[in-house]
1. Take the residues in region 20-38 that are within 15 Å of ASN101 (Cβ to Cβ) and in contact with a Ser or Thr (Cβ under 9 Å, 6 or more places away or on another chain), then tell me which one is surrounded by the fewest Cβ atoms within 10 Å (Cβ to Cβ).
2. Output yes when any residue across region 413-428 is charged (D, E, K, R), in contact with a Lys or Arg (Cβ under 8 Å, 6 or more places away or on another chain) and on the phi > 0 side of the Ramachandran plot, and no when none is.
3. Please find, within region 202-230, the residue that is nearest to the chain's Cα centre (by Cα) out of those that are acidic (Asp, Glu) and not in a loop (DSSP other than H, G, I, E, B).
4. Assess whether LYS199 counts as being within 18 Å of the chain's Cα centre (by Cα) and loosely packed, with under 11 Cβ neighbours inside 10 Å.
5. For ARG364, state whether it is outside the structural domain of VAL264 (by TED's automatic domain parsing) and assigned to a strand (DSSP E or B).
6. Could you list, in sequence order, the residues of region 413-458 that are touching an Asp or Glu at 6+ places or on another chain (Cβ under 6 Å) and either part of a strand (DSSP E or B) or surrounded by 24 or more Cβ atoms within 10 Å (Cβ to Cβ) (or both)?
7. Restricting the search to region 324-345, which residues are crowded, with 22+ Cβ neighbours inside 10 Å and outside any helix (DSSP H, G or I)?
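The values are calculated or read from the model by the stated rules, or taken from the named source; none is laboratory data. In this text, all values refer to a predicted model and were calculated from it rather than measured experimentally. For neighbour counting, all protein chains shown are included, and Cβ atoms are generated from backbone atoms with ideal geometry for every residue, glycine included.
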Amino acid sequence: MIERALISVYDKSGLDVFATGLAELGLELVASGGTRAVLTEQNLQVTEVSELTAMPELMGGRVKTLHPRIHAGILARRDREDDVSALEDNGIRPFDLVCVNLYPFGEVVARKGTREEDAVEMIDIGGPAMLRAAAKNFMHVAPVSSPEQYGFVLDELRASGEISVATRRDLAAAAFAYTAAYEATIANWFADRETFPEKLIVPLQKVSDLSYGENPHQRGAYYAEAGARRHLLSRVDQLGGKALSFNNLNDLDAARRIIEEFAVPACAIIKHGNPCGVAVGGAVGEAYGKALASDPVSAFGGVVALNRPVDADVAQAISEQFIEVITAPAFSDDGLDLLRRREGLRILANEERRRQTPGERDFRRVVGGMLVQDVDGGIDEREGMDVAAGAAPDEASWGDLLFAWRVAKHVASNAIVLVKDLATIGVGGGQMSRVDAVRIAVAKAREHGHDLEGAVLASDAFFPFADGPAIALEAGVAAIIQPGGSKRDAEVIDAVEQAGATMVLTGRRHFRH
């Protein structure tokens, strides 16, 4: 039977209802100083921890619950005579329920400019100790670690006067996961002083369940890294449509990463993690039209990302196409009404311009482990590039070359991007052969009626032979941008020179596997 509860929480949301419910069921309440102050405001009878320990809270509250009268009351096994005798001999009464949540370390260190001393003060010591003790002794104690658990715990107590072993076991699992993630967040904060520490722990917090994974037979959920300053859906409001799926989120991530490459009005249309159309323009409507024209067939059922608010005219144009998701900073009332008429269209208002945090890591799951690397953030500066063949590009050509180079970074390798007038006109990605990627990009451009004369090409890595550039040059491409570094660079550069075209070498590749 649940007769006595120990409560010590930082997050006090829902606490008034929970504690009142416990008191109405006849439980004796014991609480730490700050928690007790809140509960007494609810006219509840609450014993303060310091009354049990006969010790005041020390060092500004750093030491208050670390005491045998507290931990013996939590850890005592009621089916062991020696444990019960130890309680009786020392005048200690056991706790049947322990409700604890912790200082918000992750939230504090996620704030820009947090001082080390402020972060350290948010490292909870007593809270994890009590919660882990209760979870270890789940056969006799119910560990409650989240306000989200208050409702079903009260329901079960009201129904039977006790909490079942199965529920206590589930609560213990949740408590250990909570404290493990908390400790991992702290460990990673300390480890950030080392690029790749000896032990890397990734604490994840579930944001939402998904309808399914990549395929209907796979379960799926979305987790965010605890302590991250932002995540994929941070500050994102869904204004309409069905729940987001695994594949929607994967494409949304790709779309947001591309769109944030540009400060001017831009649009990216994503399908299966790759851009099928990217463009910038004088206004976001123009950018959308150019991006769609790049490959309207592949855009069917894609994700559309815009970096400017959507008005009624843009919404009308978008609503004429079948897309799965649209994301933009905001939507006019008329535009939102138009988009909501498309059944199932997921409409996301993204208030935050997502910028990568210095030191951010990329994780890839492999059998038995993870591959970890720095995120491929930023883009190469024009000043560091070398015009290796042909005449120096004019400003318009430079604009197209740099635009193509930005987009190529986000296409699966081997990546080839054809651009004209600041819009993609052909994309070839995810191929085992770079020359095949060129063929696909050229074929895509021709299929959709694009004029390749004077277009530019970006390749995410070097051309090992001159055959790839030759196909593009014969189609009318006037300039190529690529990292260089092949043993046959001289052969490739000579082929471009002979064709009267320009080649720019960046010196850095951007594979995306």
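1. GLY34
2. In the first step, residues of region 413-428 are kept if they are charged (D, E, K, R); the result is 420-421.
Keeping just the survivors that are in contact with a Lys or Arg (Cβ under 8 Å, 6 or more places away or on another chain) gives 421.
Subset that is on the phi > 0 side of the Ramachandran plot: 421.
Taking every residue of region 413-428 in turn, at least one turns out to be charged (D, E, K, R), in contact with a Lys or Arg (Cβ under 8 Å, 6 or more places away or on another chain) and on the phi > 0 side of the Ramachandran plot.
3. So, considering only residues that are acidic (Asp, Glu) and not in a loop (DSSP other than H, G, I, E, B), the one nearest to the chain's Cα centre (by Cα) is GLU225.
4. no
5. yes
6. ALA415, VAL419, VAL456
7. Within region 324-345, GLU324, VAL325, ILE326, THR327, ALA328, PHE331 meet the criteria.
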